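These notes are about the structure you will find just below.
The values are calculated or read from the model by the stated rules, or taken from the named source; none is laboratory data. These numbers were taken from a predicted model, which means no experiment stands behind them. Here the Cβ positions follow ideal geometry from the backbone for every residue, glycine too, while neighbour counts run over all protein chains shown. With ligands, DNA and RNA removed, areas are computed over all heavy atoms of the protein, side chains included. Shrake-Rupley method; radii C 1.70, N 1.55, O 1.52, S 1.80 Å.
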Amino acid sequence: MNGLMMPSQLTLTAVMRHAQANFPGSEIVSFTADNPTHRYTYADAFARSAQLANALQALGARPGDRVGTLAWNDYRHFELYYGTSCSGLVCHTINPRLFPEQIAYIVGHAEDRWLFIDPMFVPLLEALAPKLSSVEGFVVLTDRAHMPDSTLPNLVCYEELLESQPTGFDWPSLDENTAAALCYTSGTTGNPKGVLYSHRAMVLHTYGVLMPDVFALKGSEAVLPVVPMFHVNAWSIPYAVPAVGAKLVFPGPKMACGETLSRLIREEGVTIAAGVPTVWLALLKYLRETDSTLPSLNRVVVGGSACPWSIMEEFEQQHGVYTHHAWGMTEMSPLGTYNPRVPEDLPGDQAKALRLKQGPAAFGVEMRIVDEQGQPQPHDGIAFGALQVRGPWICERYYRAAESALTDDGWFDTGDVATIDPRGYLGITDRTKDVIKSGGEWISSIELENCAMALDEVAEAAVIGISHEKWAERPLLVIVPAPGAEPDPQKVLAAFEGNVAKWWIPDDCVVAEELPHTATGKISKKDLREQFANYRWPEEQPA
Ligand code: ADP
């Protein structure tokens, strides 16, 4: 017997309508290349999304067409999110920091018909244009006064495109399984793969993100997504914030600029901000150097890679800001787990151990760990295994792939190795391909990196496995010194004593000027391993 409730479809159009009806005056503030404080309301934003939808229709857009964006976080990108998805098109966000050949591959694979680009990416697109055969036109996200000179064919100014269009649009009634957005994984192995998000998945994920033990957003808050809108829909903040009517604050191209972030947080009364660890390092450094504070900021969400304790400690002790550790991936929209506030009465070392974990699964995500034979492992916080997940906002198949991305029994293998403890807390140990196996036992590079990052003289740390005659592999620590520091590698290694099992302590420590990073700001272990391909352990070096 079926239930007898309304078959309303879960679509982003419903999110937009809800925000329009209930919070038309909520603000969106952006730093853009042509204006350091652009300010308008949700009502303005959705009127312009309607103008964009009209313009795209006039250009001949058909349902399901992919519209590519290469843009920072600002109000025009926000208009694109809704103007495309809610009119039945697919908003394909592209990471401009990828290698140019990868961008050309992605645009070609997605068959994007138009690209909406920030002015600073015009030279990049000029170089790629001959390879972008699916693209019919390039729209520069600026006004007439700031249009760059360019050789790009069919170049259009965004403000001119919108200008003459009506501010109302007859939004179609979409089936909730209609594709809304497309994002490619960065493809550290092989070509990037497209994850095609449906409206339904985005709406359910929005509910998941808003839960009290997750982002817990309130309408009275101001939210700063430092996580880019070109990477997994900025962790769905552009959907979740309008759902509750909070204020949105966009940092534009200034994501890594401590000064801009701190100004925006102070001036706009930001209460919650979200981003990868590297952006917080930049902000904390700026605050330290200028002796500044962030009175309105209440919490930050850190994910994308493991959050070092030093970030949590400095935020909390110097600024009274709580750091929530979250884990997810492009294929998961991205929310998997979220670490809520620890109970006040938990002793310090237990609280620290708990907060360094990635947290329990958000409702909507099921997790399990399995051994090499696919056998589920106990959730005792000790057993390691390949982490597998399932749920309504998790990818079933990559875009244009012939085969399912799931295991035979319907789970998605995350490519991470993890533990799950009896309370359900996930502890990510490594990515499968970064795992270090010494004498048949796993060593967690993430835990070793946390240990090194706790030292004042260390700005960044990475641990990779290097082949070893006796143990098959042993960990090598590579550190970047903090400004002005000259760490002694032997003392750094000595600091591991008592903090990790003796046999986990890296066999050597190398000081480097910098570490290679991926397009999403994570340390690229793959490039680091290549850099150290000829490394020899001290005892193996010729005398
Ligand atoms: P890519 O890094 O390839 O662009 P994603 O952004 O989807 O892809 O990254 C997902 C991966 O990032 C996860 O599978 C995991 O390895 C890592 N990751 C994300 N959040 C965390 C975290 N809090 N702690 C440790 N690793 C994390």
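Points worth noting:
- Nearby aspartates and glutamates by direct alpha-carbon distance to residue 470 (threshold 20 angstrom, same-chain neighbours under 8 apart not counted): 434, 441, 507, 508, 539, 540
- The listed residues 99, 121, once ranked by accessible area (1.4 Å probe) with the largest placed first, stand as 99, 121.
- Dipole moment magnitude, nearest 20 debye, the chain about Cα centre, only Lys, Arg, Asp, Glu C-beta charged: 1020
- Tilt relative to the chain, helix 277-290 - C-alpha long axis, 0 to 90 degrees, to 10: 90
- When the alpha-carbon atoms of the stretch 434-540 are used, the pair Rg, Dmax equals 13.1, 39 angstrom.
- Calculated P(r) tail over 19 Å for the stretch 126-185, as whole % of Cα pairs: 56
- For the stretch 408-476, the fraction of alpha-carbon pairs in successive 10 Å shells from zero, as %: 19, 39, 31, 10, 1
- In Hz, Karplus ³J(HN,Hα) per residue of the stretch 378-390 (6.51, -1.76, 1.60; θ = phi - 60°; x = Gly, Pro): x, 8, 10, x, 10, 5, 9, x, 5, 8, 10, 9, 8
- Residues whose amide H falls under 5 Å from that of residue 250, counting only those 5 or more places apart or on a different chain, are 29, 30, 31, with hydrogens built in the peptide plane.
- Percent of Cα-Cα distances greater than 19 Å, calculated over the stretch 1-69: 56
- At the residue level, residue 316 shows approximately 70 square angstrom of accessible surface with a 1.4 angstrom probe and all protein chains present.
- Cα-only radius of gyration and Dmax that characterise the stretch 376-455, units Å: 15.0, 48
- With Cα atoms, 0 to 90° folded angle of helix 75-85 axis to the chain main axis: 70
- Protein accessible area in the chain, 1.4 Å probe - carbon and sulfur %: 51
- Accessible area (Å², 1.4 Å probe, nearest 10) - residue 197: 10
- Two-decimal log10 I(q)/I(0) for the chain, as the Debye equation yields it once each C-alpha is a single scatterer, q = 0.11 Å⁻¹: -1.01
- Bridgeable aspartates and glutamates around residue 193 (alpha carbons under 13 Å apart, same-chain partners fewer than 8 residues away excluded): 331, 396, 403.
- Where only C-alpha atoms are counted, convex hull volume of the stretch 320-378 per residue in Å³: 129
- Mean residue ellipticity (222 nm) of the chain, computed from DSSP H runs ≥ 4 via -39,500 (n - 2.57), nearest 500: -8000 deg cm²/dmol
- Per residue accessible area in Å² of the chain, where ligands, DNA and RNA are left out and the probe is 1.4 Å: 42
- Other-chain or far-sequence residues with amide H under 5 Å of residue 137's (modelled H): 115
- The orientation-averaged projected area of the convex hull spanned by the Cα atoms of the stretch 196-352 comes to 9.0 nm².
- Under-5 Å amide H pairs with residue 211, H placed in peptide plane, nonlocal only: 216
- Over the stretch 100-257, the ratio between the Cα radius of gyration and 2.2 N^0.38 Å evaluates to 1.18.
- Helix axis angle, 42-58 relative to the chain longest principal axis, alpha carbon, degrees: 70
- In this structure residue 335 has an accessible area near 10 Å², from a 1.4 Å probe over the protein heavy atoms.
- Relative contact order for the stretch 12-418: 14 percent, from Cα pairs under 8 Å spaced at least 6 residues apart, divided by residue count.
- Taking 244, 29 and ordering them by how much accessible surface each has at a 1.4 Å probe, largest first, produces 244, 29.
- Partners for residue 285 among lysines (Cα-Cα distance below 30 Å; same-chain residues under 8 apart left out): 218, 247, 254, 352, 357, 491, 522, 525, 526
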